[in-house]
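Colleague: Okay, here's the structure, questions in a sec.
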Amino acid sequence: MEHHEEEGGAGSEPHGKQDDEEAAARLEEVKKSIEAKMAFRQSNLNPERPDTGFLRTLDSSIKRNTAVIKKLKQINEEQREGLMDDLRGVNLSKFVSEAVTAICDAKLRSSDIQAAVQICSLLHQRYKDFSPTLLQGLLKVFFPGKSGDDLEADKNLRAMKKRSTLKLLVELFFVGVIEDGGVFVNIIKDLTSGEHLKDRDTTQTNLTLLASFARQGRMFLGLPLSGPEIHEEFFKGLNITTDQKKFFRKAFQTYYVAAAELLQSEHTSLRQMEHENAKILNAKGELSDESVSSYEKLRKSYEHLYRNISSLAEALDMQPPVMPDDGHTTRVTSGEDASSAAAGKDSSALEAIWDDEDTRAFYECLPDLRAFVPAVLLGEAESKSSDQSAKTQEQSTEPTLESDQSQQTTEDTGESSADVGALQEGKTTEKGKDKEEKEKDKIKDPDKEKGDRKGEHEKEKLKSIEGTNLDALLQRLPGCVSRDLIDQLTVEFCYLNSKANRKKLVRAVFNVPRTSLELLAYYSRLVATLSTCMKDVSSMLLAMLEEEFNFLINKKDQMNIETKIRNIRFIGELCKFKIAPAGLVFSCLKACLDDFSHHNIDVACNLLETCGRFLYRSPETTVRMANMLEILMRLKNVKNLDPRHSTLVENAYYLCKPPERSARVTKVRPPLHQYIRKLLFSDLDKSTIEHVLRQLRKLPWGECEPYLLKCFLKVHKGKYGQIHLIASLTAGLSRYHDEFAVSVVDEVLEEIRVGLELNEYGMQQRRIAHMRFLGELYNYEHVDSSVIFETLYLTLAFGHGTPEQDVLDPPEDCFRMRMVITLLETCGHYFDRGSSKRKLDRFLMHFQRYILSKGVLPLDVEFDLQDLFADLRPNMTRYSSIEEVNAALVELEERDRTVSIDKNNNEKHSDTEKPSRRNTSNKMSVNGTEENGVDHGDLGDSESDSGSGTINRDRHDEEGLGEENHDGGSDSNEDDDDDGGGGPVSDEDDEVHVRQKVAEVDPQEAEKFELDLKAVMQESMEQRRLELRSRPTLNMTIPMNVFEGSTKDHHGRGVGGESGDEALDEESGGSKEVQVKVLVKRGNKQQTKQMYIPRDCSLIQSTKQKEAAELEEKQDIKRLVLEYNDREEEELNGLGNQTLNYMQSGGNRLASRGSTWEGTSGRGGGARHRYHGSYSGSGVHYSRKK
């Protein structure tokens, strides 16, 4: 690598040195030319002309002078030295005018200007009247006068003459032959005249002259000069006044602005013509020769004008003009290309040509055969060499052409004509040589003929081998039904490439089976791939297809429909590969539309189905295809087509041009609403429910509650398996926004009823989701069992017995069964004991009657029903007829009636013995109505566990659902009579407490508190026992009658003492004595005696102080523990402003829930889903415990 880098570095150094040397050489040449001009100027400004005596010594013969004057007409660099020697040897004092005429008539090229300047300098230094005469002669080129009007034979030659003359004048001014710079004022004034702008040719010529003058004489315009210092010194010596410089600058700028306006107008004309050509091309498919020629003429004129104006701007150190949308309107192409490109301006507004990336790759990404196959096998070796030689010739001619265009000299035409003549001569000589070679080849030796015959035999053997290989390849052709297979076969064919084999292949491709239309796309890809190297393949196949189409379309018989369809589809596939031109497809379509009947309808529709969409979406053909489609629809509406053809036409039309649909307007939601939807429908799952709840609590509730309620009810838009998470969120939010949970339950019940009223098929998913949501709300204890059963009965009975029964619940519709199944599968497993079990049993019997009324059920519904009964009531009898169900229901109603009568009698008996203070709300149903004709107090039997379970339930109800709202009545404490043995009900159970909104305690924290309190109490009791042991005790047992219900007297409540401890009675009265029971023993008998001890006795005072101290200690310990828990909860949950007040005025904490509809007893079958606050962060995840 280092060696190569050194070589590269060494190789780059000579290039840099060479460039520096060339620049230095050029600089030296410039210096030499300027020095020469300065020398000429010095000699010309102060000429030392010879006297007449010296001139007489020179040759003044007419013959000699005429010969020299003739040479002046052909001044060039090669003859300069000889011509100057001749001029020094002759006396032209009498032939000055002839010499001037000869110089003015000379056809000077740019390279001959310096030679002419030297000759003019020589003549100026010898003859005094030469300069004025020469100036007049040169000015006649620009101001020909009347005689010049006849010199319009060749405008191009005149333009070239003006350019060379202007250059000569400037150079003569530089060397001092012409001393007055005002000569150029008139010339520039004429060239920049506004009248010449009307003539395009004159304008082009003047622009060229002005650009040349601006480049050559920058000092006239006061433009900055770049070059060596000697350059600046030389130009400073020219006497050009400031006024002249201002004039030149103003004239050039004015003319440039006018020319730019002319360019703008011509650009507008060109763009307008392009639009017109585009319309004609899209309407007719082609342009007339006149339109093409006029467009080409205008385009070339515009390009020439733009080039000349840009050249002038560059000479004036200005920016060339920029035309609007120049890249889209001006073309250096034919009129057809320009019009097609103009038609494609709005291609961005069109749809993509291909429907997907695979289709685009199939039709556009063809394999490059040159990368897989040698060029010799593709027959491209000779053509490549000829192409390379042609490219080298073009490259060599390009710079000469550019220089000729820039200079625009007269030698251009001469040289080009000479080149053409030479080419023609070369062609004729080549033809002659070919003829001679052919004649020589005809005369051959017989030995050579024998050798040729042997070679022919070998070639035939090779051809037979190739033929067998080709036959095998063609047999594989119908099996190439994938892109890879057809590409592989294409490469293999290239190794068998020959003209004969190509013909066989085209014939095999053309004869594709008429029923194998799926092969057409792959065959077209084969042809398109081969056509990149073998142009004759596509041309032969297209000629055969076009000939077959014309034959079939002209036959007019209603036969061979499959052949016609195969033919037109093949053309369409080739069109998509851009092998078949769009004009051929449109001509075929037009032929079908001209006779739009029978098979032609099928052919036209198949063509449109194949490539109509491609042509309609291509920018070049979209307008024409749209016109064709409109014609097609008009013909369909005018002609009375049969339904099959009418459907075919409509399908083809809408396949190419789908109906326009208004873009879907996306609903713009506020960022806050978008965030809520993201939380509920995207982020919510089991692992993120705490985070979602925390974020929802942080929302501005007054602003977001309506939208949040709306989103909660759209459970059908989320995942069905996450509905229970929405119910859990509802439970979590209910602790802080109780009214929100009420609104959710109300809206869900309303949605269920609306679904029953409308019974629309499109709402079924929503209705199922709402039933599942209602069941989950029951699982999270937001609704009562009575709401569930009312909804179940409503689902079965709504609309029955009304005229709309067949609409709301058709006989064959089983959707209400699905709703019932969904609800019972969600929460039915909790109704397995107590009154809820009896309610479910009764409902399932009604449900069976509803099922039997539907007749034969679908299998999926039947299986769901079997699974439901197996899960909830596996031992329940499934009735087979409505009569059996009705009999069972009658029997059940009779049994319920007898039970209710017995229960009423028992209640009357208990009411006479002891007044009941039961809460009236316990006798109400959920909506204040009776269910099935039986009071809810009768049907709402306990669903609880007995014994200590009620205490647990109270604690859970208070701590877990402290803010839960219930909409109606529920099972009450009095329902325990049925299950618990009918014992007396305590007063505390029936008390009505006003519900306060207090913060709740985590059950785990409450249990921990209970354990700590028990430990403290146990420790206190142990200490107390030690104290008791240290006292002298009596060896006697306390009689049991002391613990029997003590009677109260006017002193208050008697409290028995134990082991010497005195019990005190403190009454609010003003008694000064305290009753004490004293235990005495007489013999073997123990007796108690009452004593009254004054309050101010030391025994009473010490006992009261001990009890007060113990009570205060207990309260302090309890307060400290609760305050610690409160602080911890506030830190975790951010509830600093909601400190818990567990202390009542009497020192007791509320142990029961507020005014609850649910009783303190637990639900049947164990507890329903409880809420256990997991205080991590500020969120609470409500899990379901089963």
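Colleague: In sequence order, what are the phi-derived ³J(HN,Hα) couplings for segment 716-724 according to the Karplus relation 6.51 cos²θ - 1.76 cosθ + 1.60 with θ = phi - 60°, rounded to whole Hz, with x for glycine and proline?
Modeller: Once rounded to whole Hz, the list reads 6, 8, x, 7, 4, x, 10, 5, 5.
Colleague: Also: Tabulate in residue order the Karplus-calculated ³J(HN,Hα) for segment 1089-1101, using 6.51 cos²θ - 1.76 cosθ + 1.60 with θ = phi - 60°, rounded to whole Hz; enter x for Gly and Pro.
Modeller: 10, 8, 9, 10, 10, x, 5, 7, 5, 5, 4, 5, 5
Colleague: Can you send over the carbon and sulfur percentage of the accessible area for segment 581-660, probe radius 1.4 Å, protein chains only?
Modeller: Heavy-atom surface of segment 581-660 belonging to carbon and sulfur, 1.4 Å probe: 53 percent.
Colleague: Using the heavy atoms of the protein chains and a 1.4 angstrom probe, tell me the accessible area per residue for segment 581-660 in square angstrom. If you can, show how the numbers build up before the last one.
Modeller: On the way: 3500 Å² over 80 residues.
Dividing the accessible area of segment 581-660 by its residue count gives 44 Å².
Colleague: May I ask you to work out the translational diffusion coefficient for segment 692-785 at 20 °C, viscosity 1.002 mPa s, via Stokes-Einstein with Rh from the Kirkwood sum over Cα pairs, reported in whole µm²/s?
Modeller: On the way: Rh = 13.6 Å.
This corresponds to a translational diffusion coefficient of 158 µm²/s.
Colleague: Once the other residues with Cβ under 12 Å from the Cβ of Val96 are scored (Lys, Arg +1; Asp, Glu -1), what is the net sum?
Modeller: Numbers: positive: Lys94, Arg126, Lys128; negative: Glu98, Asp129.
Around Val96, the surrounding residues sum to +1.
Colleague: Would you please give the FRET efficiency between Glu884 and Arg669, computed as 1/(1 + (r/R0)^6) with r the Cβ-Cβ distance and R0 = 60 Å, to the nearest 0.05?
Modeller: Values: r = 56 Å, r/R0 = 0.94.
Efficiency computed from Cβ-Cβ geometry: 0.60.
Colleague: In Å², what does the accessible area per residue of segment 725-899 work out to with a 1.4 Å probe?
Modeller: Working: 7330 Å² over 175 residues.
So segment 725-899 comes to 42 Å² accessible per residue, rounded to a whole number.
Colleague: Same structure, new question: Beta carbons within 10 angstrom, averaged per residue: use that to sort the peptides 102-111, 37-46, highest first.
Modeller: Values: 102-111: 17.6, 37-46: 16.0.
My ranking of the peptides, most packed first, is 102-111, 37-46.
Colleague: Hey, another quick one. Filter Lys37/Lys107; Lys37/Lys162; Lys678/Lys710; Lys555/Lys590; Lys128/Lys245 down to the pairs with a C-alpha to C-alpha distance above 26 Å, please. All intermediate terms of the calculation are to be shown ahead of the outcome.
Modeller: Working: Lys37/Lys107 23 Å; Lys37/Lys162 23 Å; Lys678/Lys710 14 Å; Lys555/Lys590 16 Å; Lys128/Lys245 30 Å.
The answer is Lys128/Lys245.
Colleague: Can you give the Kirkwood hydrodynamic radius of segment 725-899 from its Cα pairs, in Å with one decimal? Kindly include the intermediate steps, with their values, before the conclusion.
Modeller: Details: mean 1/r = 0.0580 Å⁻¹.
Result for segment 725-899 stands at 17.2 Å.
Colleague: Taking the Cβ of Arg249 as the center, what net charge do the other residues with Cβ under 14 Å away carry, scoring Lys and Arg +1 and Asp and Glu -1?
Modeller: Working: positive: Lys189, Arg218, Lys245, Lys246, Lys250; negative: Asp243, Asp317.
Residues close to Arg249 contribute a combined charge of +3.
Colleague: Label segment 771-866 by shape, choosing from rounded, prolate and oblate, from the square roots a ≥ b ≥ c of the eigenvalues of the Cα gyration tensor; if a/c is under 1.5 it is rounded, and otherwise prolate applies when a/b is larger than b/c, oblate when it is not.
Modeller: Verdict is prolate for segment 771-866.
Colleague: Suppose we look only past 15 Å in the calculated P(r) of segment 273-315. What percent of the Cα-Cα pairs does that tail hold?
Modeller: Values: 475 of 903 pairs.
Of all Cα-Cα pairs in segment 273-315, 53 percent lie more than 15 Å apart.
Colleague: Leu1026 versus Met559, label points 7 Å from Cα toward the beta carbon: distance in nm?
Modeller: 12.6 nm
Colleague: Still on this structure, please answer the following. Would you mind giving the three semi-axes, in whole Å and largest first, of the ellipsoid equivalent to segment 608-698 according to its Cα gyration tensor?
Modeller: Working: eigenvalues 559, 48, 31 Å².
After diagonalising the Cα gyration tensor, the semi-axes are 53, 16, 13 Å.
Colleague: What nm value, rounded to one decimal, do you get for the distance between Tyr720 and Val623 when each label is placed 7 Å out toward the C-beta?
Modeller: Placing both labels 7 Å along Cα→Cβ, they lie 5.6 nm apart.
Colleague: For segment 525-624, just say rounded, prolate or oblate: build the C-alpha gyration tensor, square-root its eigenvalues into a ≥ b ≥ c, call rounded for a/c under 1.5, and beyond that prolate if a/b exceeds b/c, oblate if not.
Modeller: Numbers: a/c = 2.17, a/b = 1.31, b/c = 1.65.
Oblate is the answer for segment 525-624, as a/c is 1.5 or above yet b/c matches or exceeds a/b.
Colleague: With the full set of protein chains in place, find how many percent of the accessible area of segment 273-315 is carbon and sulfur; take the probe as 1.4 Å.
Modeller: Values: 1180 of 2340 Å².
It is 51 percent, rounded to a whole number.
Colleague: Calculate, in nm to one decimal, what Ser293 and Glu750 gain on full extension: separation in residues at 0.36 nm each, minus their alpha carbon distance. Walk me through the intermediate numbers first.
Modeller: On the way: separation 457, 0.36 × 457 = 164.52 nm, distance 7.89 nm.
Here the segment from Ser293 to Glu750 would lengthen by 156.6 nm.
Colleague: Quick check for you: which residues of segment 89-124 have the amide N under 16 Å from the point 7 Å beyond the Cα of Glu29 toward its beta carbon?
Modeller: Under 16 Å, as judged by backbone N against the label point of Glu29, lie 110-115 of segment 89-124.
Colleague: Per q in 0.14 Å⁻¹, report the Debye log10 I(q)/I(0) for segment 762-809, using one uniform scatterer on each alpha carbon and no solvent.
Modeller: Per q value, in the given order, log10 I(q)/I(0) is -0.44.
Colleague: Could you give the length gained on full extension between Glu1010 and Arg215, defined as 0.36 nm per residue of separation minus the Cα-Cα distance, in nm? Spell out each step's value before the answer.
Modeller: On the way: separation 795, 0.36 × 795 = 286.20 nm, distance 10.81 nm.
That works out to 275.4 nm of additional length.
Colleague: Now for a separate question. Could you calculate the contour length gain from Asp190 to Ser1102, that is, 0.36 nm times the residue separation minus the distance between their Cα atoms, to one decimal place in nm? Could you put the intermediate results ahead of the total?
Modeller: Numbers: separation 912, 0.36 × 912 = 328.32 nm, distance 13.94 nm.
314.4 nm is the gain from fully extending Asp190 to Ser1102.
Colleague: Modelling each spin label as a point 7 Å along the Cα-to-Cβ direction, I'd like the Thr52/Glu518 distance in nm, to one decimal.
Modeller: For the pair Thr52/Glu518, the computed spacing is 11.3 nm.
Colleague: Still on this structure: Can you list the HN-Hα couplings for segment 109-124, worked out from phi with the Karplus curve (6.51, -1.76, 1.60; θ = phi - 60°), rounded to whole Hz and with x for Gly and Pro?
Modeller: With the stated coefficients, segment 109-124 comes to 9, 4, 6, 9, 5, 5, 5, 5, 5, 5, 5, 5, 5, 4, 5, 5 Hz.
Colleague: Treating each Cα of segment 581-660 as an identical point scatterer and ignoring solvent, apply the Debye formula and state log10 I(q)/I(0) at q = 0.27 Å⁻¹.
Modeller: Reported log10 I(q)/I(0), two decimals: -1.50.
Colleague: Given R₀ = 60 Å, what would the calculated FRET efficiency be for Ala258 paired with Arg360, taking r from the Cβ atoms and rounding to 0.05? All intermediate terms of the calculation are to be shown ahead of the outcome.
Modeller: Working: r = 51 Å, r/R0 = 0.84.
Using R0 = 60 Å, I get an efficiency of 0.75.
Colleague: Okay, moving on. Which percent of the accessible heavy-atom area of segment 725-899 goes to carbon and sulfur, probe 1.4 angstrom?
Modeller: Working: 3780 of 7330 Å².
With neighbouring chains kept in place, the figure for segment 725-899 is 52 percent.
The values are calculated or read from the model by the stated rules, or taken from the named source; none is laboratory data. As the structure is a computational prediction, the values presented were derived from the model and not from experiment. Heads up, the Cβs are rebuilt from the backbone with ideal geometry, glycines too, and the neighbour counts pull from every protein chain shown. Accessible surface areas use protein heavy atoms only, side chains included; no ligands, DNA or RNA. Shrake-Rupley method; radii C 1.70, N 1.55, O 1.52, S 1.80 Å.
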